[in-house]
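The values are calculated or read from the model by the stated rules, or taken from the named source; none is laboratory data. All figures in this text were calculated on a predicted structure; none of them were measured in a lab. Please note: Cβ atoms are built from the backbone with ideal geometry, for glycine as well, and neighbour counts cover all protein chains shown. Just the protein is used for accessible areas: all its heavy atoms, side chains included, with ligands, DNA and RNA removed. Shrake-Rupley method; radii C 1.70, N 1.55, O 1.52, S 1.80 Å.
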Amino acid sequence: MDIRCLKYFVSVAKHMNFTKAAQECFISQTAMSQHISRMEEELGFKLFYRNNRRVELTPGGKVFLEEATNLLRKFDYAVFWGSVASMDYTGHLRIGFLSYTEKRFLPQLLKIFHSRNPRVEIVLVRKNLVDLYQSLRDGELDVIVCHPCEVKDIPQLVIKKYAAHNLCLVVNNEHPLASEEIVDVQAFSNERFLVLNEEFYPQMRLHLETLCLELGFKPNMIDIPQDMDSLLLMVEVGLGVTLLPPNAKHSQNENLRFIDINSDVEINISHAIAYLSENPNPSLQVFLKIFEEFEKEGKLNI
């Protein structure tokens, strides 16, 4: 049994049809049936129930399919990384980020990237959301870690969401709600809300305002801060409260509290990476391959 046989098996399992699988693999239907029969003989158990009407996986076939799919994925990765290593190329990877969206996974991802591509220079650039998309459009960045944003003037833009987090109420430790673990919406509906400046974070104000309206109140929003550090400083001083995802807690200090919100309405915000589909930089393809690994292993939704 070899990789080719595993691919034949997965193709039949995908289509549940020997003829379609044979066409996909560019062999005859008879040859496909013979390959599967030899696999079953070698394995010692049936992979499919088959008759004139339908093809169906056996219990053993279902388990084998999952493991075979994993093996093929690992084989594809091995071929990809072997190809990358054989090139031994130099280059650069330019990554843009906000201030907190990347903290949980990007260091681990880039550590793997660097270990596999030690001669590629990694450039990290921190900007606001508007400037991130602008730099991506101008070719100054290869990929950005951001919030998904509707941008109509960037051809070939690819936005790939990887996580969505519920928002928390953030207050300073002297706030009346600071001792609470979870609060109802009514408890903070009259608060002064601090949000990142609309000029630098388009759609953020609209997103939060829409969420609040769905929760049953119109928020009193102040969009003065231009970056996350300023926003948290203003909350710490007591100039207002804000709503942030829990992965912003890296900035939390003893003067800030992140409080869960009790609501039937989903109060969340999405995180994403964005890049241009026609970017020729081979380092970007390597980054996206590792990102795919992280996604399949569940290392992104944290």
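Miscellaneous remarks
- In the range 260-302, residue modelled with the lowest pLDDT [restricted to those that are under 22 Å from residue 74 (Cβ atoms) and part of a loop (DSSP other than H, G, I, E, B)]: 301
- Considering the conditions (1) in contact (Cβ under 8 Å) with a residue 40 or more places away in the chain; (2) buried (at least 18 other Cβ atoms within 10 Å of the Cβ); (3) of a type outside the set (Lys, Arg), residue 270 is excluded by exactly one of them, (2).
- The condition (being modelled with pLDDT of 90 or more and either exposed (fewer than 12 other Cβ atoms within 10 Å of the Cβ) or not in a helix (DSSP H, G or I) (or both)) is satisfied by just one residue among 103, 74, 111: 111.
- Within the range 150-169, tally of residues that are free of Cβ contacts under 8 Å to residues at least 60 places away in the same chain and buried (at least 16 other Cβ atoms within 10 Å of the Cβ): 1
- Subset of the range 31-55 [of a type in the set (Asp, Glu) and either at pLDDT below 90 or within 16 Å of residue 11 (Cβ to Cβ) (or both)]: 40
- Checked against the criteria, residue 65 does not count as at pLDDT 85 or above, assigned to a helix (DSSP H, G or I), in contact with a Leu (Cβ under 9 Å, 6 or more places away or on another chain) and open to solvent by 90 Å² or more (accessible area, probe 1.4 Å).
- Residue match in the range 187-206 (condition: assigned to a helix (DSSP H, G or I) and in contact (Cβ under 8 Å) with a residue 12 or more places away in the chain): yes
- Residue in the range 197-242 that is farthest from residue 146 (Cα to Cα), counting only those that are of a type in the set (D, E, K, R) and crowded, with 17+ Cβ neighbours inside 10 Å: 236
- Residue that is surrounded by the most Cβ atoms within 10 Å (Cβ to Cβ), among those in the range 122-138 that are assigned to a loop (DSSP other than H, G, I, E, B) and without any contact (Cβ under 8 Å) to a residue 60 or more places away in the chain: 127
- Search result, residues across the range 173-187 that are of a type outside the set (Ser, Thr, Tyr) and open to solvent by 20 Å² or more (accessible area, probe 1.4 Å): 173, 174, 175, 176, 177, 180, 181, 182, 184, 186, 187
- Test for residue 180: is it touching a strand residue (DSSP E or B) at 6+ places or on another chain (Cβ under 6 Å), more than 18 Å from residue 248 (Cβ to Cβ) and part of a loop (DSSP other than H, G, I, E, B): yes
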